[in-house]
C-alpha cells in the first residue's frame, strides 16, 4: 500500500502499486520519483482508517455502529460515536479505494506500454495474488476480520478489464455500480424490516398462548439464527467477549466464522460494489490529475465545498434519525441506501481540504505523514498486530470504552509517525512493502539504504 511517482507529478502508483523503473521491470522506482502529496494523503488515510477500525476491533461491529447496544450510552461515548460517524464512516476506506484504483491503472498502463499486454497481465496477476495472500494472513493469523487487503487483491484482478476506459466511461461505470449498491441496500432494508417483524409476530403468538405449527417453528428458528448472525444480541456479544479475551484460539474460533462470511457473502453483496465504485473513480481522478495534485486551487475548493455540502447535511439527518429511533436497526438499514453518496461526497471534501493544505504549506507533520504513507501496508498490518495484542492478548475486548480506545489510537498514530520516519531513514521500503515487491517481481529487492537519511 504505497505508491511510486515521477518528480514532475505525471506518474504515481498509490496504495502499494509498484511502478516499473528503467530496469526491465524487475525493480520498483526510487524515492526520488515519488509524488510527495500522494504519500501525505495516503499517510492521513492509513491513520484515519484506524478511527473506526480500532472501535470495531475493541467493541465489535454491532457496538461500533450502535452506542446504545448495551443500554443508554454515556455522554462521552455517544459524542465519540456521533462525530466519528459524521466525519469518518467509510470515508478513509473510500480514499484508499480511489488511491488503489489509480495505482492499478498506472502500473498496468506503464508495463503494458513497455512490455506488451502478456507481460503486464502476468505481473499484475502475481501482484494481486500476493495481496490476496497478505489479506488471508491479516484475516486468519492476525485475526482482523475487517481486513481490506484480500478484497483489494480480488478487485485488482477485476480492474484489469477497465484499464483502457475513458474518464467518462469510468465515471459512468462507477455510477452504475453505485445504483446497484443502493438497490442492494434497499433490499437489505426490506429484508431486515420484514425479518424482524416476522420474529416479533411469532413471539407474540407464543406469548398469547397459541401453539405454532412445526413448520412455523422451524421457519422461526432458521430466521432467528440468520438474524442473530447478522445482528447479534448484546448477550451474544458479551458471551463472545469471554471466549476472546486472553485466548488466541478462542478469538480465532469467534472471528474466523465472521471472516468467512465477510470474504464470501459480504464480498458479493457489499464489498465488491463498495470497492468498485471508489476504485473506478480513482482511476478517473488520476487521469484528470486530481489525485496527482495537479488540479487547480478552484477545483480543490469546489471538491471541498460540494463534498461537505452534500455529505454533512445527509449525515446529520440520518444520524439524528437513527439516534431518535433509539438506534433501531431497521432505520439504520433503510438509511444505508444513501451510504455511498455520503461517504464519497465526504471523501471528496476531505481530499479537497488535504490538497489545499498541502498546496498552502499549512499542513503539519507533512514529512512524517509522507513517510507513514510510503509505509501504508506495513502500518496497516501493524494496526492489526496492535489490535490483536491489546484486545485479545491483554483482554481489552469489550473491557474499555469508545473514548478510551480513541485515546489509545492517538498513541498508535504518534508511534507510527515516528517509526515510519525512523525506518525510512535507514531502509528504502517498509518491511511489508519490501516483501510484497520482492514477491511481485520474484526477485529480492535491495532494502537497506547506502547512507543514513536525516
Residue list for region 244-289, restricted to those being in contact (Cβ under 8 Å) with a residue 60 or more places away in the chain, more than 23 Å from residue 152 (Cα to Cα) and buried (at least 18 other Cβ atoms within 10 Å of the Cβ): 244, 245, 251
Enumerated helices (runs of 4 or more DSSP H) restricted to region 351-454, each holding at least 3 residues that are farther than 30 Å from residue 121 by Cβ and either in contact with a helix residue (DSSP H, G or I) (Cβ under 7 Å, 6 or more places away or on another chain) or in contact (Cβ under 8 Å) with a residue 12 or more places away in the chain (or both): 366-374, 376-387, 402-424
Those residues of region 63-76 which are assigned to a helix (DSSP H, G or I) and either surrounded by fewer than 19 Cβ atoms within 10 Å (Cβ to Cβ) or touching a strand residue (DSSP E or B) at 6+ places or on another chain (Cβ under 7 Å) (or both), in sequence order: 75, 76
Test: residue in region 296-308 that is surrounded by fewer than 21 Cβ atoms within 10 Å (Cβ to Cβ) and not in a helix (DSSP H, G or I): yes
Failed criterion for residue 327 (all others in (1) more than 26 Å from residue 138 (Cβ to Cβ); (2) at pLDDT below 95; (3) part of a helix (DSSP H, G or I) hold): (3)
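Can you pull out the helices (runs of 4 or more DSSP H) entirely within region 131-230 that have at least 2 residues that are within 17 Å of residue 276 (Cβ to Cβ) and in contact (Cβ under 8 Å) with a residue 40 or more places away in the chain? Lay out the reasoning, then the answer.
Working: elements: 149-159, 167-207, 214-230.
Where helices (runs of 4 or more DSSP H) fall fully within region 131-230 and carry at least 2 residues being within 17 Å of residue 276 (Cβ to Cβ) and in contact (Cβ under 8 Å) with a residue 40 or more places away in the chain, they are 149-159, 167-207.
Considering only region 101-110, I want to know if a residue exists there that is touching a helix residue (DSSP H, G or I) at 6+ places or on another chain (Cβ under 6 Å), free of Cβ contacts under 8 Å to residues at least 60 places away in the same chain and either under 18 Å from residue 381 (Cβ atoms) or surrounded by fewer than 18 Cβ atoms within 10 Å (Cβ to Cβ) (or both). Please lay out each step first, then the result.
Within region 101-110, the first condition is being touching a helix residue (DSSP H, G or I) at 6+ places or on another chain (Cβ under 6 Å), and the residues that meet it are 101-102, 104-105, 108.
Right, trim to free of Cβ contacts under 8 Å to residues at least 60 places away in the same chain and you get 108.
Going one step further and asking which of them are either under 18 Å from residue 381 (Cβ atoms) or surrounded by fewer than 18 Cβ atoms within 10 Å (Cβ to Cβ) (or both), we end up with none.
No.
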In region 111-144, the residues that are buried (at least 22 other Cβ atoms within 10 Å of the Cβ) and on the phi > 0 side of the Ramachandran plot: 143
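The values are calculated or read from the model by the stated rules, or taken from the named source; none is laboratory data. Predicted, not measured: the structure shown is a model, and the values here were computed from it. Cβ sites come from the backbone with ideal geometry, for glycine too, and all protein chains shown count toward neighbours.
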